[in-house]
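Each reported figure results from applying straightforward, stated rules to the coordinates on display, with no laboratory input. Bear in mind the structure is a predicted one, so any value in this text is a computation, not a measurement. Glycine gets a Cβ as well: all are built from the backbone with ideal geometry, and neighbour counts include every protein chain shown.
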Amino acid sequence: MAFAWSKFSSPASFYPLAGKMIPWFAWGAAILTAIGLWIGFGLAPTDFQQGEAYRIIFIHVPSAWMSMFVYLVMAFWSALYLGFNTRLSAMMAQALAPTGAVMTFIALWTGAFWGRPTWGTYWAWDARMTSELILLFLYFGVIALRAAIEDPRRADRACAVLALVGAINVPIIYYSVKWWNTLHQGASVSATEAPRMASIMLTGMLVMSLAAWFYAIAVVLARVRTIIVERERGAAWLHALPEVAQA
Amino acid sequence: MSTMVVAQSPATAAPGAVLPGVRWALARDLRLALRSRAELAVQLLFYVIVVSLFPLATTPERTQLSAIGPGVLWVAALLASLLSLPRLFAADYADGTLEQIALSPYPLESLVVGKVLAHWLTTGLPIVLLAPILGLQYALDNELLVVLAAALLIGTPVLSLLGAIGAALTLGLRGGSSLLALLILPLYVPLLIFGAGAVEATRSGLGATAHLSLLGAAFLVALVGTPFAAAASVRIALD
Amino acid sequence: MIEAHDLAARRGHARLFEGLSFAVEPGHAMVVTGANGTGKTTLLRMLAGLSWPAAGEVRWNGQPVVPFDPAVRAALAFVGHAPALKDELTAVENLATLLELAGERASRDAIDGALDKVALGSRRSLPARVLSQGQRRRIGLARLSLLARPLWILDEPATALDAAGVALLAATIVEHLDRGGLAIAATHAPLGLPEPRTHSITLQ
């Protein structure tokens with residue numbers, strides 16, 4: 001991934017590149033979602049233990065994976081920013097947070113809707129869901145911090161530090177919540193144990209995960225373009241763009 | 001010539017020396033805290049009041065209180081810590097001292113450690129001493145109270161260390177203390193789990209060694225890592 | 001010697017200044033003037049190493065430096081907008097604490113002497129909260145005279161000082177220049193520094 005980046009590391013050159021990439025990822029996401037949903041809701045057999053309700057894992061599991069993956073990517077860009085001071089890295093981190101939060105939110109809601117018919121309760125304090133909830137708070141923290149700081153540069157740096165501190169803590173938090181949960185075996189139910197996987201179910205989940213990934217890339221690229229326009233306001237290259245010059 | 005500049009006074013400490021920075025910050029912050037004893041007393045009172053609220057909201061029944069006791073005492077400690085964290089940097093930020101601290105030849109990390117130590121001595125340590133007494137309100141027996149105190153003793157410094165990062169990041173921001181809570185409380189979760197869990201483990205006969213060791217590990221990691229993050233955050237706030 | 005090369009500053013989205021270059025040699029002072037909001041404080045904070053420039057670089061003794069560079073910190077005495085005083089400490093305690101923070105140890109006599117020179121001798125044991133703004137500024141002056149630092153960066157040092165105070169400030173700076181130090185000061189009011197050793201820049 002590193003080879004061409006130096007060429008595109010300025011907002012001015014990344015903006016058009018991102019613009020070209022978005023349609024590919026958007027269409028890719030749409031197609032993969034269609035395939036994935038067809039597999040998940042059409043092809044995959046009814047589960048022996050959980051009936052039809054289990055099908056929501058085709059949305060729940062991919063969104064949960066993405067919620068964690070996006071946080072790692074956000075931490076990666078934050079580390080790049082603190083190391084190399086490139087504005088675009090900070091903008092990427094800024095663009096990732098809302099998408100990560102949305103993924104986490106979807107994971108929590110679909111997890112609740114899965115839990116209800118399967119285990120009779122919307123919210124069981126199991127390790128994974130509780131960790132997802134804390135992850136949501138971590139995302140909200142980064143978003144809230146950015147909103148609270150007016151100076152963009154201070155916001156970039158503060159959010160970068162926060163994202164990294166959060167990233168280091170995520171495994172610790174997950175481990176501690178798992179520990180807490182296993183010590184209270186009786187009181188908890190594991191609402192997110194995926195049913196034993198027929199290979200078609202696994203395929204469906206992988207396709208949906210890829211779809212979620214493409215979707216996230218498309219949305220984040222679109223958002224980063226908006227961020228670039230907002231923050232590079234006044235730059236000459238921006239005014240030279242056809243879509244801006246015409247307006 | 002440019003070399004003909006004022007000579008450094010012979011008493012100037014070697015830059016990079018760690019302990020003088022810690023000592024300076026600790027001594028000064030303690031002296032300042034002792035001159036605002038009322039503020040410290042109020043923070044402790046907050047702890048007492050919060051702990052006393054839960055039985056009123058739930059039940060005076062002793063077995064149930066005993067079940068929630070360790071959790072309540074720990075959560076209240078977290079909240080008390082949160083309430084006191086802005087004190088760490090806000091006053092210095094407002095009167096210009098923080099700039100002088102950041103520009104000092106001593107490493108900022110060591111000055112931060114000194115401040116955090118002073119903060120713990122005036123906020124965390126009193127809670128460690130007070131909690132076992134309040135634990136009697138929750139019908140916790142002596143063995144549990146000892147474990148509670150030990151867990152708080154190891155855990156409260158970590159609250160101060162992690163809190164320093166949050167306090168520095170939110171310096172001068174609107175909605176500072178709620179934002180600080182949002183940022184820091186998720187990071188406090190493992191401490192809460194291990195700290196309150198230590199008491200539960202003792203109660204159920206499993207023994208608290210594992211929990212206390214994990215708390216100890218968290219303390220060591222925090223001691224080594226958080227000064228750098230907190231110092232970086234202070235510099236960011238001063239930019 | 002401190003130099004600026006092509007310095008630029010931003011506040012939010014607005015550019016405060018750009019392409020700013022200058023050099024200040026030992027024994028010389030630079031006075032920065034300009035209307036409110038033109039970036040005087042921002043410039044001084046960049047030179048002191050508190051802020052990152054939006055573009056360009058600062059050099060200390062020929063070496064480019066980034067914010068919080070240890071070499072600059074060891075050589076700098078910075079006076080910011082707010083006099084860095086704690087309300088709860090007395091003038092003597094404040095001065096002693098600030099000096100210790102800078103790694104210097106001054107004897108009680110030296111501190112008393114410095115406070116006498118700025119006409120605060122009788123007030124030395126009062127908590128800073130009862131002192132006026134002008135008196136607090138004078139404590140800052142006392143600190144400057146006790147710190148043996150080559151680089152002085154002063155942000156509006158004459159604020160709240162009366163005529164006698166401004167004269168004292170100017171005299172202190174001149175003494176510092178005589179010893180081979182450099183000074184950069186942002187100011188609205190003229191400080192009365194000797195012409196040949198002072199250059200002026202105005203930000204707009």
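Key figures
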item: Expected 222 nm ellipticity per residue - DSSP helices of 4 or more, -39500 (n - 2.57), all of chain A, to 500; result: -26000 deg cm²/dmol
item: Computed lengthening from C:ALA160 to C:THR33, 0.36 nm per intervening residue step minus Cα-Cα distance; result: 44.0 nm
item: Pairwise FRET efficiency - C:HIS81 versus B:ALA210, Cβ, R0 = 45 Å, nearest 0.05; result: 0.30
item: Sites excluded, trypsin sites (Lys or Arg not before Pro) in DSSP loops with at most 11 other C-beta within 10 Å, longest stretch of chain A; result: A:1-195
item: Label-to-label distance, nm, for residues given as A:ALA12 and B:ALA41 (7 Å Cα→Cβ offset); result: 6.4
item: Label point 7 Å beyond Cα of A:LEU241 along Cβ direction - residues of the stretch A:10-32 with amide nitrogen under 12 Å; result: A:11-20
item: Spatially proximal lysines relative to A:LYS20 (Cα-Cα < 28 Å; intrachain offsets below 8 disregarded); result: A:LYS7
item: Nearby lysines by direct alpha-carbon distance to C:LYS117 (threshold 27 angstrom, same-chain neighbours under 8 apart not counted); result: C:LYS86
item: Label-point gap, in nm, between C:VAL66 and C:ALA167 - each point 7 angstrom along Cα→Cβ; result: 4.8
item: Efficiency of FRET between B:ALA67 and A:GLU230 - r from beta-carbon atoms, R0 56 angstrom, step 0.05; result: 0.60
item: Distance-filtered residues of the stretch B:46-63 - backbone nitrogen under 19 Å, label point 7 angstrom along B:ALA139 Cα→Cβ; result: B:51-63
item: The stretch B:19-238 shape via C-alpha gyration tensor axes, a/c threshold 1.5; result: prolate
item: Sequence-distant residues sharing a close amide H with C:ILE184 (under 5 Å, placed H); result: C:MET30, C:TRP152, C:ILE153, C:LEU154
item: Between 0 and 90°, nearest 10: helix B:176-203 axis offset from chain B longest Cα axis; result: 50
item: Separation in nanometres of the label points that stand 7 Å from Cα toward Cβ, at C:ALA110 and B:THR59; result: 6.9
item: Cα gyration tensor, chain A - rounded (a/c under 1.5), prolate or oblate; result: oblate
